[in-house]
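Encoded as structure tokens, the structure appears first; notes follow it.
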Amino acid sequence: MENWSLVSICVLFGLTARWAVSLNSYSGAGKPPMFGDYEAQRHWQEVTYNLPVHEWYFNTTDNNLNYWGLDYPPLTAYHSLLCAHLINPDWVELHASRGHESYGHKLFMRATVLVADLLIYIPAVVLYSFYLSEGSNKKKVFLCILLYPGLILIDYGHFQYNSISLGLALWGVVVLGLGWDVLGSLAFVLSLNYKQMELYHSLPFFCYLLGKCFKQGLAGRGLFLLVKIAVTVLVTFALCWLPFLSDPGQILQVVHRLFPVGRGLFEDKVANTWCSLNVLIKIKTILSTDTQLYFSLTTTLLAILPSSIKLLMKPTLWQFKLALVNSSLAFFLFSFQVHEKSILLPALPVCLLLNDLPLPAIWFLQASTFSMLPLFLKDGLLVPYVVTSLAFLFFSIYLLSAFEHCSEDKLRLGPYRRLLICIVRRYGYLSNCINKDHFYFSITAMAGLSFMSVALAPPDQLPDLFPLLVSVFSYLHFLGLLLYFNIVQIAEPLQSVRKNQKKSN
Amino acid sequence: SVMATPRADDWSWFPALALGVSFLKCILINAYHSTDFEVHRNWLAITHSLPVSKWYHENTSEWTLDYPPLFAWFEYSLSHVAQHFDKEMLVVQNLIYTSPATILFQRLSVIVTDIVFIYAVKECCRSVREEKGSKDLLGHPFFILAALLLWNFGLLIVDHIHFQYNGFLFGILLLSVARHLQGRHLEGALLFTVLLNLKHIYLYIAPAYGIFLLRSYCFTKDNTDGSVRWSSFSPVRLVALGSIVISVGALSFGPFIAMGQLPQVLSRLFPFKRGLCHAYWAPNVWALYNMVDKALSVLGVRLKLLDVAKLPKASMTGGLVQEFQHSILPSVSPSITLICTLCPTLQPKPHPPPSLALSPPAKFHIWCRPRGARGFLRCLVVCALGSFMFGWHVHEKAILMAILPFSILAVESREDAGIFLMLTTTGHYSLFPLLFTAAELPIKVLLMLLFTLYSFTSLKKLFRGSLLNPLETTYLLGLVAVEILCEVVYPLSPWQHTLPFVPLLVTSVYCSLGVSYSFIRLYVSLLRQHGTDKHKQL
């Protein structure tokens, strides 16, 4: 069958799954007075549609920032404004439309997500799968990335526009991979200006581009490239922030809204270090907010440093993808004010590794979906969660023959073993950890915990028992895989041995 | 190609294909469901909470039990699982009861009983004739047939969105067909008898079964020219067949005959009080007939040949039409449709054996030229499509009875593949009005595109070349225009309020052209194959 028809069939299948999920409930459906993220997005349409730009980020009589105040960068605001112009004015009427819910409105909101996905995220996945992934698995990888449940459930169930920010970031990766450095940095800056969480990906982008400049020689072409990129970044930023540039007060207020330092180290239950550590030590009460901030900043930087330095020294696409995983995952695990949904940021680059490291990638993606279980339960998304997770697990393992790629070499642990062999041999057990039995054990445990969360009532003195167990269990996966991905990235020799290996294969 | 790693004969791809579609069905659990959902809930409640003697008398809900007794027993057994989900759904008085547990249970019951369908598809694939083995899995007839059946658009939307148990029933039909293709005729007959006692709509294709079994099973030998050898009649086989039919019938209807309720049961099964066409006209001959009648009456009024006052009240404008009165053309009665339904399946023969020339009541061509089980399958498809074309009060869903068995022929011959594409695309499109809610619009369009794109590209690849002529292609592309007109442009126009039935009418008439065309081509292919087969035999 021709390529185009297979690609279209995969896309149609992915879209069908997406729309089928969107028939379900959304966050905060019928739950006044605060509702949920769905109402937040609608409220931003209301605010941007009715108020002048300089009031968007300020608390005024018409803009109560305590009720879902705008806390995303300007591109999100412009996007809301665009959506608001397309619909029934009653749905965005100032004050009167607050908490508006209806069949038609839900349909409209869902459709905007689908359109954004179709225009930004899916084309990027097509380009990535067919131009940048190696080997004969292109279509299978494509289908698996499209079916990643975490993103589908958050965007089409819970309700957000992650496909825009992640899609733009993916455009950045794809365009950089194709060798157009300026366009790549442009795409990434746009993504950063849609959601500030994209900062998780920023260091690898920076190091990759800087490393390339170094490689071309900072005295000659490298410098020229650096200047081109710097100008692109600055100009793009300036254009995105144009309405706010006139007044420094505006800029400060927007930045303040984007980084709400006052909200503490973490909220709710999230599968990162601080929340998990909190089970043993009550960090939030022991340390002051400032100390927490510096503490988390330091640990995050320490966790990113090795992978960033390595990428700087060896700016290849493979290193870049690994660095994206390592950086965003480190941010998720150690940084300040992390939300459970932010796991989608590391999940995106992990999707890009599905072809190279199928089992660890599938494992991570499944754990990431699982880590958001309490959120899905709150939103009434149990059925789609179960179905999409099972479908993804089944399809990815079957199509990518994940269990046939578990040897040390296939897991890219050969160089690591060679490094260790002279030091302590028995620490080289990492490749033994990632195998079929452990994988099935972990999946069974996730299934068990999911079942308990749904079916059992928690004991009275521990009402958060199950969400906490889910968080800690996912955290252990994330930590282990962070270690693994770091080892794979750092142990790769600076000289390109990999190419020779591939030839011998 | 790239996805060729698993080979067609190791069958590891089959569970993947089946599981894939099952996941898709599961994810549609919360989609819109029609009143058929309540129909089946009511039947669960009736069979669970009332004694057998009251099953066909109960009428608290307007959706009374109107399937044969075996289906009632099927609901009865389902109800025993249902009580572990939500007991309230089993109370007859709880009309339109849709708790989340009820929805989950009913949806899952359809998905789980589809296992019968999945098994039947596998058996059908096994009985497909294999041409020279293609290396590529995706181009293999096994794979294509399995995908066309398992992922059939019509079944997906009728069963898993609209809500019915067709997958389970068609599973039994396809299994019976597969058994005939495999030469296991008694099993095939048993399965079909069971099917008839589950849903009596399959009576339409019963003639094909009857004649085929009599001719090819009860007579064990043919003469050299292919005509029947009378001396080879096997009474034992006839008795075996007869006892199967009678015992299944006794098991199903016996208790009701014993209770003296047979007339009551039959009156429920065959409600002839309904009109010629369903509210939404199925795309068949009568849709065209109604259309011509309407056009003539409008023309007549315009040309002042007719008096508006004398015309029957324009019942078409109501939107929900039960009884359509023809103004110009003669009205159609049930008996006429019955004759029309039987006629197309009669086939003129070039050289009829004298003994049969006087008795023309059934499918002669499989009598005279049996051509084995494949001839039977073709006859079955013609029967099903013939009854769809001419039947009384036909539902648009009945098109699946022709499409699904036809899939088997489509992967075996180039000509059939062409007809199949015409028939499935128009037939499937004609199912669109089943789902009229805005939220399900993208689903039906996406699934339709998915299936249509797959069937076109896979069959084109299988037979290495285009299967449709430019006119046919243009007609099918016209469906896109009809869809945009009916579901996007028209609702925005002022006529939406004054003439709301127009989109349905356009859809129905446009589709009936394609279905009629496919029917004629199928029929012609039957006649032509008759001739060529004879040459081959000689």
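The values are calculated or read from the model by the stated rules, or taken from the named source; none is laboratory data. Predicted model, so just to flag it, every value in this text is computed and none were measured. When we count neighbours, we look across all protein chains shown, and the Cβ atoms used for this are built from the backbone with ideal geometry, even at glycine. In case anyone asks, the SASA skips ligands and DNA or RNA and just uses the protein heavy atoms, side chains included. Shrake-Rupley method; radii C 1.70, N 1.55, O 1.52, S 1.80 Å.
What the table below lists for this structure:
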| quantity | calculated |
| --- | --- |
| Chymotrypsin sites (Phe, Trp or Tyr not before Pro) within segment B:395-473, DSSP loop, no more than 15 other Cβ atoms inside 10 Å | B:F436 |
| Sparsely packed trypsin sites (Lys or Arg not before Pro) within segment A:204-287, loop by DSSP, other Cβ within 10 Å at most 11 | A:K282 |
| Aspartates and glutamates with Cα under 19 Å of A:K140, excluding same-chain neighbours fewer than 8 positions away | A:E2, A:D356, A:E404, B:D136 |
| Distance from segment A:234-266 to segment B:458-510 (C-alpha centre basis), Å | 51 |
| Across A:K31/A:K284; B:K122/B:K199; A:K378/B:K444; A:K284/A:K341; A:K138/A:K269; A:K139/A:K212, pairs whose alpha-carbon gap is larger than 26 Å | A:K31/A:K284; A:K378/B:K444; A:K138/A:K269; A:K139/A:K212 |
| Modelled FRET efficiency - R0 25 Å, A:L479 with A:A457, Cβ distances, 0.05 increments | 0.25 |
| Mean-position separation - Cα centroids, segment A:54-89 and segment A:134-172, in angstrom | 27 |
| Pairwise FRET efficiency - A:I309 versus A:L234, Cβ, R0 = 22 Å, nearest 0.05 | 0.30 |
| Förster radius 51 Å - calculated FRET efficiency between A:L223 and A:L51 (Cβ-Cβ, nearest 0.05) | 0.70 |
| Cα-projected label distance for B:A16 with B:V489, points at 7 Å along beta-carbon direction, nm | 4.3 |
| Global geometry of chain A, whether rounded, prolate or oblate, following the gyration tensor of its Cα atoms and the 1.5 cut on a/c | rounded |
| Pair A:T291, A:F214: separation of 7 Å Cα→Cβ label points (nm) | 3.6 |
| Neighbour count of at most 15 Cβ within 10 Å plus DSSP loop: longest chymotrypsin sites (Phe, Trp or Tyr not before Pro)-free window in chain A | A:181-505 |
| Candidate aspartates and glutamates for bridging to A:K195, where Cα separation is under 12 Å - those fewer than 8 sequence places away on the same chain excluded | A:D71 |
| Separation between Cα centres of segment A:335-350 and segment B:29-75, rounded to whole Å | 49 |
| With every protein chain in place, the protein assembly as shown: carbon and sulfur % of accessible area (1.4 Å) | 68 |
| Estimated inter-spin distance, B:N59 and B:M259, nm [label 7 Å along Cα→Cβ] | 1.6 |
| Cα-based Rg of segment B:438-538 normalised by 2.2 N^0.38 Å, two decimals | 1.46 |
